[in-house]
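The next block holds one structure in the form of structure tokens; read it before the comments.
The values are calculated or read from the model by the stated rules, or taken from the named source; none is laboratory data. Treat the numbers as computed from the prediction; the structure is a model and nothing was measured. Every residue, glycine among them, receives a Cβ derived from its backbone with ideal geometry; neighbour counts consider all protein chains shown. Protein only, heavy atoms only, side chains kept; ligands, DNA and RNA dropped before computing areas. Shrake-Rupley method; radii C 1.70, N 1.55, O 1.52, S 1.80 Å.
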Amino acid sequence: MTNLRMDELIIRRVEHPDELRKVGNLERTIWKGEDPVPVEMMVATIRNGGLVLGAFLEDKLIGFQYSFPGFDGKQSYLCSHSLGILKEYRSYGIGQKLKWAQRQEAKKLGYELLAWTYDPLETANANLNLRKLGGIGAAYKENYYGELNDILNAGIPSDRFVVHWWIQSDRVQKREEKEYAEWSVKEDNILLNYVLNNQELPTPAPMNSTLMHDVLFVAVPARYQEVKAKNQDLALQWRLKTREALSKALDCGYEVTDFVKTNGDIHYYVVTKK
């Protein structure tokens, strides 16, 4: 493991074209040769309300974050498009530090809302986005990017959560101060549960069709990519069943507000009434 003293890490805006080229080169390295955002696009984005951040160790760029302005017809927001960190530096919480720096810079630009997407079955992202940052799973989008053939997505519909991050809210401020809610997962509050036996197809518990509880829990596999590598059919069942449960809850006036990690093979989304 690479040794890193966190007090040596500097996170700052990246705006000069020469440094933005370094961001593009870093993208190619992280995502194995995929085309990066063009430098001229990043320059135009920065000059029109967008933001590029770099994480530097001395003069070496080891991580970045790229955001562009968005508008949904009612609300303007900053769309947090991509965040990447060199593999050897991913165990130091740099992604979280980039997000908190992004919050501060976005507030300076006058934003109240940031938005981005992630795969609901990638639990490391769920724990960061909802638990640590205080984001809210506001919408569920089926097959958001269409068919993807990269190592993480091949063979499975590219479903995504849309995360809303209200950066000037008390909720988010408390998360930055490391104030977290405690949850007790109870069987009668589980909207979707699974029993996994020897990688056989999952057996869902009966779904509560009335959604009477103020707080519900939706099970997800702790290590989805391992499930996918061992049993593609099981991985697809997880996708379809969690899609059904989470979409139904959101359609019935709930939102996804937190994430519970356990010591076992199953973690849980916390779903609460608005």
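Of all residues in the range 1-18, which are at pLDDT below 90 and surrounded by fewer than 15 Cβ atoms within 10 Å (Cβ to Cβ)?
First, the residues of the range 1-18 that are at pLDDT below 90: 1-8.
Answer for the range 1-18, where residues must be at pLDDT below 90 and surrounded by fewer than 15 Cβ atoms within 10 Å (Cβ to Cβ): Met1, Thr2, Asn3, Arg5, Met6, Asp7, Glu8.
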Out of the residues in the range 98-114 that are basic (Lys, Arg) and more than 15 Å from Gly134 (Cα to Cα), which is surrounded by the most Cβ atoms within 10 Å (Cβ to Cβ)? Lys107
Tell me yes or no: at least one residue of the range 77-97 is under 26 Å from Glu176 (Cβ atoms), open to solvent by 50 Å² or more (accessible area, probe 1.4 Å) and among the hydrophobic types (A, V, I, L, M, F, W, C). yes
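Here is a yes/no grid of residues against (1) among the polar types (S, T, N, Q); (2) modelled with pLDDT under 80:
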site	(1), (2)
Asn129	yes, no
Gly137	no, no
Leu152	no, yes
Ser158	yes, no
Val163	no, no
Trp166	no, no
Arg175	no, no
Asn189	yes, no
Asn197	yes, yes
When Asp119 is run through (1) surrounded by 13 or more Cβ atoms within 10 Å (Cβ to Cβ); (2) in contact with a Gly (Cβ under 9 Å, 6 or more places away or on another chain), the failure sits at (2)
Breaking point among (1) part of a loop (DSSP other than H, G, I, E, B); (2) at pLDDT 95 or above, for Lys22: (1)
Name the single residue that is most open to solvent (accessible area, probe 1.4 Å) among those in the range 205-221 being within 13 Å of Gly253 (Cβ to Cβ) and modelled with pLDDT under 80. Met212
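Select from the range 164-181 the residues that are touching a Lys or Arg at 6+ places or on another chain (Cβ under 8 Å) and assigned to a helix (DSSP H, G or I) and list them in ascending order.
If we filter the range 164-181 for residues that are touching a Lys or Arg at 6+ places or on another chain (Cβ under 8 Å), which is where we start, we get 165, 167-168, 172, 175-176, 180.
If the condition is that a residue be touching a Lys or Arg at 6+ places or on another chain (Cβ under 8 Å) and assigned to a helix (DSSP H, G or I), then Val172, Arg175, Glu176 are the ones that fit.
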Just one listed residue, out of Gly63, Gly95, Gly73, is assigned to a loop (DSSP other than H, G, I, E, B) and out of contact with any Cys (no Cβ under 7 Å at 6 or more places or on another chain), and it is Gly73
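I need the full set of residues from the range 37-60 which are part of a strand (DSSP E or B) and touching a strand residue (DSSP E or B) at 6+ places or on another chain (Cβ under 8 Å), in order please. Quick ask: steps written out before the conclusion?
Step one: filter the range 37-60 for residues part of a strand (DSSP E or B), giving 51-57, 60.
Within the range 37-60, Leu51, Val52, Leu53, Gly54, Ala55, Phe56, Leu57 qualify.
Of everything in the range 19-42 that's of a type in the set (Asp, Glu) and open to solvent by 90 Å² or more (accessible area, probe 1.4 Å), which residue is farthest from Phe68 (Cα to Cα)?
Here is the first cut: in the range 19-42, the ones of a type in the set (Asp, Glu) are 19, 27, 34-35, 40.
Pick out the ones that are also open to solvent by 90 Å² or more (accessible area, probe 1.4 Å) and you get 34-35, 40.
On the way: Glu34: 20, Asp35: 18, Glu40: 13 Å.
The qualifying residue farthest from Phe68 (Cα to Cα) is Glu34.
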From Gly73, Gly49, residue being of a type in the set (Gly, Ala, Ser) and exposed (fewer than 14 other Cβ atoms within 10 Å of the Cβ): Gly73
